[in-house]
Amino acid sequence: MRMLAFALAGASTLLIAGAASAQSTGGGGSTMSVRQQNGQMVGRMTQSQHYNRFTAEEQRRAGESAPSTEELAAEYGAERVDLALRVSELIEQGRCREARDVARAAGERAMVIRIRQTCRGAG
(Lines give C-alpha, C1' and ligand atoms only; values in the text may rest on other atoms or scores of the structure.)
Protein backbone atom coordinates (compact mmCIF):
# COMPACT_ATOMS: atom_id res chain seq x y z
CA MET A 1 0.00 0.00 0.00
CA ARG A 2 2.88 2.33 0.81
CA MET A 3 4.45 1.64 -2.53
CA LEU A 4 1.23 2.59 -4.28
CA ALA A 5 1.05 5.89 -2.38
CA PHE A 6 4.69 6.68 -3.25
CA ALA A 7 4.08 5.77 -6.88
CA LEU A 8 1.02 8.04 -7.08
CA ALA A 9 2.89 10.90 -5.40
CA GLY A 10 5.81 10.51 -7.78
CA ALA A 11 3.54 10.35 -10.83
CA SER A 12 1.62 13.48 -9.81
CA THR A 13 4.90 15.34 -9.26
CA LEU A 14 6.04 14.41 -12.75
CA LEU A 15 2.72 15.51 -14.26
CA ILE A 16 2.80 18.88 -12.50
CA ALA A 17 6.42 19.47 -13.51
CA GLY A 18 5.62 18.55 -17.12
CA ALA A 19 2.70 20.97 -17.26
CA ALA A 20 4.79 23.79 -15.78
CA SER A 21 7.62 23.25 -18.23
CA ALA A 22 5.16 23.28 -21.16
CA GLN A 23 4.00 26.74 -20.11
CA SER A 24 7.45 28.26 -19.77
CA THR A 25 8.83 30.41 -22.59
CA GLY A 26 12.35 29.05 -22.38
CA GLY A 27 13.79 26.68 -24.89
CA GLY A 28 13.34 28.66 -28.09
CA GLY A 29 9.92 30.21 -27.46
CA SER A 30 9.64 33.92 -28.29
CA THR A 31 8.81 36.33 -25.47
CA MET A 32 8.05 39.18 -27.89
CA SER A 33 4.45 40.17 -28.50
CA VAL A 34 2.97 40.09 -31.97
CA ARG A 35 3.11 43.90 -32.14
CA GLN A 36 6.81 43.87 -31.25
CA GLN A 37 7.52 41.20 -33.84
CA ASN A 38 5.80 43.32 -36.50
CA GLY A 39 7.77 46.41 -35.53
CA GLN A 40 4.70 48.25 -34.26
CA MET A 41 4.63 50.65 -31.38
CA VAL A 42 4.35 49.13 -27.92
CA GLY A 43 3.46 51.11 -24.80
CA ARG A 44 2.88 54.83 -24.59
CA MET A 45 3.48 57.29 -27.40
CA THR A 46 5.97 60.08 -27.05
CA GLN A 47 4.90 63.71 -27.17
CA SER A 48 6.15 64.08 -30.75
CA GLN A 49 4.23 60.95 -31.80
CA HIS A 50 1.03 62.42 -30.31
CA TYR A 51 1.67 65.71 -32.11
CA ASN A 52 2.32 63.99 -35.44
CA ARG A 53 -0.82 61.92 -35.08
CA PHE A 54 -2.87 65.00 -34.22
CA THR A 55 -1.57 67.08 -37.12
CA ALA A 56 -2.05 64.24 -39.60
CA GLU A 57 -5.67 63.84 -38.48
CA GLU A 58 -6.22 67.59 -38.63
CA GLN A 59 -4.86 67.78 -42.19
CA ARG A 60 -7.00 64.82 -43.25
CA ARG A 61 -10.14 66.47 -41.88
CA ALA A 62 -9.30 69.84 -43.44
CA GLY A 63 -9.18 68.20 -46.86
CA GLU A 64 -12.66 66.78 -46.41
CA SER A 65 -15.30 69.38 -47.09
CA ALA A 66 -18.99 68.87 -47.78
CA PRO A 67 -19.66 68.52 -51.50
CA SER A 68 -21.58 71.30 -53.18
CA THR A 69 -25.11 70.88 -54.49
CA GLU A 70 -23.75 70.88 -58.05
CA GLU A 71 -21.32 68.06 -57.25
CA LEU A 72 -24.10 66.05 -55.63
CA ALA A 73 -26.40 66.67 -58.62
CA ALA A 74 -23.70 65.47 -60.99
CA GLU A 75 -23.20 62.29 -58.97
CA TYR A 76 -26.78 61.40 -57.96
CA GLY A 77 -28.98 63.38 -60.33
CA ALA A 78 -30.70 66.72 -59.84
CA GLU A 79 -34.12 65.17 -59.09
CA ARG A 80 -32.80 63.08 -56.23
CA VAL A 81 -30.87 66.02 -54.75
CA ASP A 82 -33.99 68.21 -54.93
CA LEU A 83 -35.99 65.48 -53.23
CA ALA A 84 -33.38 65.18 -50.49
CA LEU A 85 -33.43 68.95 -49.91
CA ARG A 86 -37.25 68.98 -49.72
CA VAL A 87 -37.25 66.05 -47.31
CA SER A 88 -34.57 67.62 -45.10
CA GLU A 89 -36.59 70.85 -44.87
CA LEU A 90 -39.65 68.86 -43.77
CA ILE A 91 -37.60 67.03 -41.15
CA GLU A 92 -36.19 70.30 -39.81
CA GLN A 93 -39.75 71.59 -39.49
CA GLY A 94 -40.71 68.46 -37.53
CA ARG A 95 -42.97 67.12 -40.28
CA CYS A 96 -41.43 63.67 -40.41
CA ARG A 97 -44.56 61.82 -41.53
CA GLU A 98 -44.87 64.12 -44.56
CA ALA A 99 -41.17 63.67 -45.30
CA ARG A 100 -41.60 59.87 -45.28
CA ASP A 101 -44.66 60.15 -47.54
CA VAL A 102 -42.79 62.35 -50.04
CA ALA A 103 -39.83 59.94 -50.16
CA ARG A 104 -42.15 56.94 -50.42
CA ALA A 105 -44.06 58.54 -53.31
CA ALA A 106 -40.75 59.12 -55.11
CA GLY A 107 -39.84 55.45 -54.66
CA GLU A 108 -36.81 56.16 -52.43
CA ARG A 109 -36.99 53.23 -50.04
CA ALA A 110 -33.52 53.89 -48.55
CA MET A 111 -34.50 57.50 -47.87
CA VAL A 112 -37.72 56.39 -46.16
CA ILE A 113 -35.73 54.07 -43.89
CA ARG A 114 -33.25 56.83 -43.07
CA ILE A 115 -36.07 59.27 -42.26
CA ARG A 116 -37.64 56.68 -39.95
CA GLN A 117 -34.28 56.24 -38.17
CA THR A 118 -33.75 59.99 -37.88
CA CYS A 119 -37.27 60.86 -36.70
CA ARG A 120 -37.91 58.14 -34.10
CA GLY A 121 -41.00 59.05 -32.14
CA ALA A 122 -41.57 62.33 -34.00
CA GLY A 123 -44.37 63.52 -36.28
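The values are calculated or read from the model by the stated rules, or taken from the named source; none is laboratory data. This is a predicted model, so every value here is computed, not measured. Note: ideal-geometry Cβ built from the backbone for every residue, glycine included; neighbour counts use all protein chains shown.
Residue by residue through region 39-58, note down the ones that are surrounded by 10 or more Cβ atoms within 10 Å (Cβ to Cβ), at pLDDT below 75 and more than 22 Å from the chain's Cα centre (by Cα).
none
Report yes if Ala105 is exposed (fewer than 13 other Cβ atoms within 10 Å of the Cβ), of a type in the set (A, V, I, L, M) and under 28 Å from the mean Cα position of the chain (by Cα), otherwise no.
No, not satisfied.
Looking only at region 59-102, filter to residues that are surrounded by fewer than 11 Cβ atoms within 10 Å (Cβ to Cβ) and of a type in the set (D, E, K, R); which one of those is farthest from Ile113 (Cα to Cα)?
Step one: filter region 59-102 for residues surrounded by fewer than 11 Cβ atoms within 10 Å (Cβ to Cβ), giving 59-66, 68, 70, 75, 79, 92.
With of a type in the set (D, E, K, R) added as a condition, the list becomes 60-61, 64, 70, 75, 79, 92.
Working: Arg60: 31, Arg61: 29, Glu64: 26, Glu70: 25, Glu75: 21, Glu79: 19, Glu92: 17 Å.
For region 59-102, the residue satisfying everything is Arg60.
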